[in-house]
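*Asks:* Here's a structure for you.
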Amino acid sequence: MAFNRHGVLAIYRFEVARFGRTILTSLLVPVITTSLYFIVFGSAIGSRMTEIGGIPYGAFIVPGLIMLSMFTESIFNASFGIYMPKWSGTIYELLSAPVSAFETVLAYVGAAATKSMLIGLVIFATAHLFVDVQVAHPLLMIGFMALIAITFCLFGFILGIWAQSFEQLQVIPLLVVMPMTFLGGAFYSIDMLPAAWRTVTLFNPIVYLISGFRWTFFGKGDVGIGVSMIAMVGFLTVCLTVIAWMFKTGYRLKS
């Protein structure tokens, strides 16, 4: 079957339009949140810990702040986008339409990743109001940001199919992803931890994503950029495999 470009664009535009109806709130919230983080962390911690690894503390937390918001936004946008057709019953129209599983995922994940990238760039711009942030590898930073947005949107897509209520949509992001992000070196270097806790932290996959993204800013991270890329590709592969299985078996799509 030929690629259904019109079907993909129709879904993509619908999802982006949904975001557009609340764009002021969607962009204002991360700006305010980022500003509060800088005010609180800058005054409470930055005054006592001016540098980490030779990097000013204010600049050091910028990659972590961007990742914190992008993880949440990617999961929320993608999970909500596919859950609503399930909740309203229109999922059956989507499944019977001449749109393949690949095209469906491409449209929903593409729209969610676009929103997530936009919010990430808005937070990056907001950070410049508080600190001077220099990016050592700008193209790699954009590429890494896009890869993270796509990966977590795929993860959110999985959650949207799995969830059977609005409450379940919030469980994983709030009780799993958020704590893992705070414990993943978003606001500190894991090298500052005792040896035993550092070993435990290395089992947190978020560490490798934040460290890799921070490397694109400053040329240094808690783990090597190669390890971070391998972890990212591994997570992406797992998400794609799970989604392929869901569409093949109809898991919570046809029942």
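*Asks:* Answer rounded, prolate or oblate for segment 175-223, using the Cα gyration tensor with square roots of eigenvalues a ≥ b ≥ c: rounded when a/c is under 1.5, else prolate when a/b is larger than b/c, else oblate.
*Replies:* Oblate is the answer for segment 175-223, as a/c is 1.5 or above yet b/c matches or exceeds a/b.
*Asks:* Using a Gaussian network model of the chain with C-alpha springs under 10 Å, which one of Met192, Met117, Met145 is most mobile by mean-square fluctuation?
*Replies:* With Cα springs under 10 Å in the chain, the top fluctuation among Met192, Met117, Met145 is at Met192.
*Asks:* With n ≥ 4 as the cut-off for DSSP H runs, can you work out [θ] at 222 nm for the chain, using -39500 (n - 2.57) per run divided by the number of residues, rounded to the nearest 500?
*Replies:* Details: 12 runs with 185 residues, N = 255.
Helices in the chain give a 222 nm mean residue ellipticity of -24000 deg cm²/dmol.
*Asks:* Could you check the simple spin-label distance between Arg21 and Ala136, using points 7 Å along Cα→Cβ, in nm with one decimal?
*Replies:* Calculated label separation equals 4.5 nm.
*Asks:* Another question about this same structure. Once the Cα gyration tensor of segment 169-255 is diagonalised, what are the square roots of 5 times its eigenvalues, in whole Å and ordered largest first, as equivalent ellipsoid semi-axes?
*Replies:* With the √(5λ) rule applied to segment 169-255, the semi-axes are 30, 16, 11 Å.
*Asks:* With r as the distance between the Cβ atoms of Val171 and Leu95 and R0 = 30 Å, compute the FRET efficiency 1/(1 + (r/R0)^6) and round to 0.05.
*Replies:* On the way: r = 25 Å, r/R0 = 0.85.
It comes to 0.75.
*Asks:* In the chain, which whole DSSP H runs stretch at least 30 Å along their own axis (Cα) and average 1.0 or higher on the Kyte-Doolittle scale?
*Replies:* 23-44, 101-127, 138-162, 225-249
*Asks:* Here is a follow-up. How would you order 81-89, 130-138 from highest to lowest mean count of nearby Cβ atoms within 10 Å?
*Replies:* Highest to lowest by the protection proxy: 81-89, 130-138.
*Asks:* Rounded, prolate or oblate: which fits the chain, taking a ≥ b ≥ c as square roots of the Cα gyration tensor eigenvalues, rounded meaning a/c under 1.5, else prolate when a/b beats b/c? Mind showing how you got there, number by number?
*Replies:* On the way: a/c = 2.08, a/b = 1.77, b/c = 1.18.
Verdict is prolate for the chain.
*Asks:* Could you order peptides 58-68, 222-232, 91-101, 177-187 by the average number of other Cβ atoms within 10 Å of their residues, highest first?
*Replies:* Result, highest mean first: 58-68, 177-187, 222-232, 91-101.
*Asks:* Could you order the peptides 241-254, 199-212 from most to least packed, using the average number of other C-beta atoms within 10 Å per residue?
*Replies:* In descending order of packing, they fall as 199-212, 241-254.
*Asks:* Does segment 100-150 come out rounded, prolate or oblate, given a ≥ b ≥ c as the square roots of the eigenvalues of its C-alpha gyration tensor, rounded meaning a/c under 1.5 and, failing that, prolate meaning a/b above b/c?
*Replies:* Numbers: a/c = 5.96, a/b = 2.25, b/c = 2.66.
Oblate, because a/c is 1.5 or more while a/b does not exceed b/c.
*Asks:* Mind giving me the FRET efficiency for Trp162 and Ile39? R0 is 45 Å, r the Cβ-Cβ distance, nearest 0.05 is fine.
*Replies:* Once the sixth-power term is evaluated, E becomes 0.75.
Since every read-out is calculated from the coordinates, none of them should be taken as a lab result. Here the structure is a predicted model, which is why all the values come from computation and not from measurement. Glycine also receives a Cβ, built like all others from the backbone with ideal geometry; neighbour counts cover every protein chain displayed.
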